Amino acid sequence: MTRAAKQRARTTGRRLYDSPANSFWERFGTGTHSLRTPEDWWTMVSGSGYRATIDQLSADAYERVRRQNLNFIRESETRSVEANVIYGQATK
């Protein structure tokens, strides 16, 4: 491959990779996550950066916050949340 051809390939690749139409979210989807049940919300909270905060609560406060969150999700009929991260769940 000639030097000019290599430069064209690098420039073309960079232009395609850096294109806004080729962003991470365009390639892998938006940050909207479905909630099958209100408990799915609590799983997301527990697996996020908020974990450090909720782990500092007393057992009573933890349960009160958990219950209030689940009641809100249930009563507001929230079916999805937007969080620009991708969640996964694994079973060991």
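The values are calculated or read from the model by the stated rules, or taken from the named source; none is laboratory data. Being a predicted model, the structure only gives us computed values, none of them experimental. Note that we place each Cβ from the backbone using ideal geometry, even for glycine, and neighbour counts take in every protein chain shown.
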- Subset of the stretch 73-92 [assigned to a strand (DSSP E or B) and acidic (Asp, Glu)]: 82
- Any idea which residue in the stretch 29-72 is surrounded by the most Cβ atoms within 10 Å (Cβ to Cβ), counting only those that are in a helix (DSSP H, G or I) and basic (Lys, Arg)? 66
- Query: What pairs can you find where one residue is in the stretch 47-68 and in the same structural domain as residue 90 (by TED's automatic domain parsing), the other is charged (D, E, K, R), and their Cβ atoms are less than 9 Å apart, with a gap of 6+ or different chains?
  - Reply: 54/66; 57/63; 57/64; 62/55
- Query: Within the stretch 49-75, can you find the residues that are in contact with a Ser or Thr (Cβ under 9 Å, 6 or more places away or on another chain) and of a type in the set (Val, Ile, Thr)?
  - Reply: 54, 73
